[in-house]
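The values are calculated or read from the model by the stated rules, or taken from the named source; none is laboratory data. What you see is a predicted model, and the numbers here were worked out from it, not measured in a lab. Ideal geometry is used to build each Cβ from the backbone, glycine not excepted, and the neighbour counts take in all protein chains shown.
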Amino acid sequence: MPNKKLLTPGDTPEMMQKSGLDASVALWEDGLRCDTGPGFFEWWYFDAHLDDGSTAVIVFSTKPFTDRTGPLKPFVRLVITTPDGRELGGFSMFNPAQFSATKAQCDVKISHNFARGDLHHYDLRAESGELVAELAFNGVVPPWRPGSGINYYDEALTRYFGWLASIPHGKVEGTLTYDGKVHKVSGTGYHDHNWGNIGLAEVMSHWYWGRAHVAGYTMIFVEMTSTPAYDSQKLPVFMLARHDKILTGDGAPLSLEVREFEKHPGGREFPLKVDFLWKTAEGEVHIALRRPQVIEATSLLTLLPPWQRRLARLFANPYYFRFNSELKLKIDLPGEKASEKGQALFEIMMLR
């Protein structure tokens, strides 16, 4: 039997100490975390769900993560979904000279697009053709990460993937420009930050990732599954907050069950029933996701040039799903009881 590779989760005190971190997130953690050259990738992600029924997703990235071995290739992604359900926007690529970012804090600029903030307040501007997003984010739930937020994929602890939820839940206001008009908007928002120097498809098979804000509760719930080379190890992540107080960030008790699959026209299947259960001797939290509505379904091969796309499809069809789903939340913890209904966003990333 071949030797399994070593996967070291970054949520232990030892890994916190190695990374020079403590329980509080520092301002520099949302700044540039790794090199922008070959072998590395990094992106800052924002989304907003607005009171008029529109949504906006904005990503500032050093390169497509499917091309981490290449040089700096910055891009901005802006997607606006209008109140009547139309999806507008896409990717805009830029020259390396048009990218800048600081290590001290989030201050990313790609041509005339920018995102800057201090873990509590962020301003951004992004354009895609005639679309423009000018938004201000204000955090309600404090910035959070599971331990150091970094998982390592070799014994020397040199190959890694990092994640930070800078705004797990916040308020948003500003303007979206589409259909030739400027629309004043307000609502709720989220911001996180990812970086690393590994090929995600080399170390991860798939992940389920979700978040919700219901009746004052904010949740982030994730199960990542590593590749067989890493023994298909599960990496659970869980955060539960009530208003501006984080109740738990311990992901170890979290488990996932999926069932009743439906085939998508893109050739991949997704589950109609998704259950996350966080359970300890003291109590449990149950998150049930039902009636998923597909917001986005994308083959990751579309990020490759056409000739590479045709070749890659012979071996794999990596796929990304994003859903809006009905949510049932049940909390049964000492001093914290609740049974609520609402909506949740969740995604499935299938890298193999």
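Residues in the stretch 267-287 that are assigned to a strand (DSSP E or B) and of a type outside the set (Asp, Glu): 270, 271, 272, 273, 274, 276, 277, 278, 279, 285, 286, 287.
For first residues located in the stretch 39-56 and hydroxyl-bearing (Ser, Thr, Tyr), partners that are outside any strand (DSSP E or B) and surrounded by fewer than 19 Cβ atoms within 10 Å (Cβ to Cβ) and lie 6+ apart or on another chain with Cβ distances below 7 Å form the pairs 54/82; 54/83. Checked against (1) surrounded by 15 or more Cβ atoms within 10 Å (Cβ to Cβ); (2) within 27 Å of residue 347 (Cα to Cα), residue 69 passes all but condition (1).
Residue selection: residue 196 satisfies the criterion of being over 30 Å from residue 335 (Cα atoms) and touching a Phe, Trp or Tyr at 6+ places or on another chain (Cβ under 6 Å).
If you go through the stretch 71-86 and keep only what is in contact (Cβ under 8 Å) with a residue 24 or more places away in the chain and out of contact with any Gly (no Cβ under 9 Å at 6 or more places or on another chain), you end up with 74, 75, 76.
Here residue 61 clears all of (1) of a type in the set (S, T, N, Q); (2) surrounded by fewer than 17 Cβ atoms within 10 Å (Cβ to Cβ); (3) in contact with a strand residue (DSSP E or B) (Cβ under 7 Å, 6 or more places away or on another chain) except the condition numbered (2).
Elements of the type strands (runs of 3 or more DSSP E) sitting completely within the stretch 135-224 and holding at least 2 residues that are polar (S, T, N, Q): these cover 160-178, 181-196. Please specify each residue of the stretch 207-224 satisfying the condition of being surrounded by 18 or more Cβ atoms within 10 Å (Cβ to Cβ) and over 16 Å from residue 345 (Cβ atoms). If the condition is that a residue be surrounded by 18 or more Cβ atoms within 10 Å (Cβ to Cβ) and over 16 Å from residue 345 (Cβ atoms), then 224 is the only one that fits.
Within the stretch 270-280, identify whether any single residue is of a type in the set (Ser, Thr, Tyr) and either touching an Asp or Glu at 6+ places or on another chain (Cβ under 7 Å) or at pLDDT below 95 (or both), and answer yes or no. No, the stretch 270-280 contains no residue that is of a type in the set (Ser, Thr, Tyr) and either touching an Asp or Glu at 6+ places or on another chain (Cβ under 7 Å) or at pLDDT below 95 (or both). Of everything in the stretch 74-105 that is surrounded by fewer than 18 Cβ atoms within 10 Å (Cβ to Cβ) and among the aromatic types (Phe, Trp, Tyr), the residue that is nearest to residue 187 (Cα to Cα) is 91. Checking each residue in the stretch 155-178 for being polar (S, T, N, Q) and farther than 28 Å from residue 198 by Cα picks out 175, 177. All conditions in (1) buried (at least 22 other Cβ atoms within 10 Å of the Cβ); (2) of a type in the set (S, T, N, Q); (3) in contact with a strand residue (DSSP E or B) (Cβ under 6 Å, 6 or more places away or on another chain) hold for residue 148, with the sole exception of (3). Filtering 164, 176 for residues that are touching a helix residue (DSSP H, G or I) at 6+ places or on another chain (Cβ under 6 Å) and at pLDDT 95 or above leaves a single hit, 164.
Scanning the stretch 236-255 for residues that are of a type in the set (A, V, I, L, M) and buried (at least 21 other Cβ atoms within 10 Å of the Cβ) yields a count of 4.
With respect to the conditions (1) crowded, with 17+ Cβ neighbours inside 10 Å; (2) farther than 30 Å from residue 250 by Cβ; (3) without any contact (Cβ under 8 Å) to a residue 40 or more places away in the chain, residue 184 falls short on a single one, namely (1).
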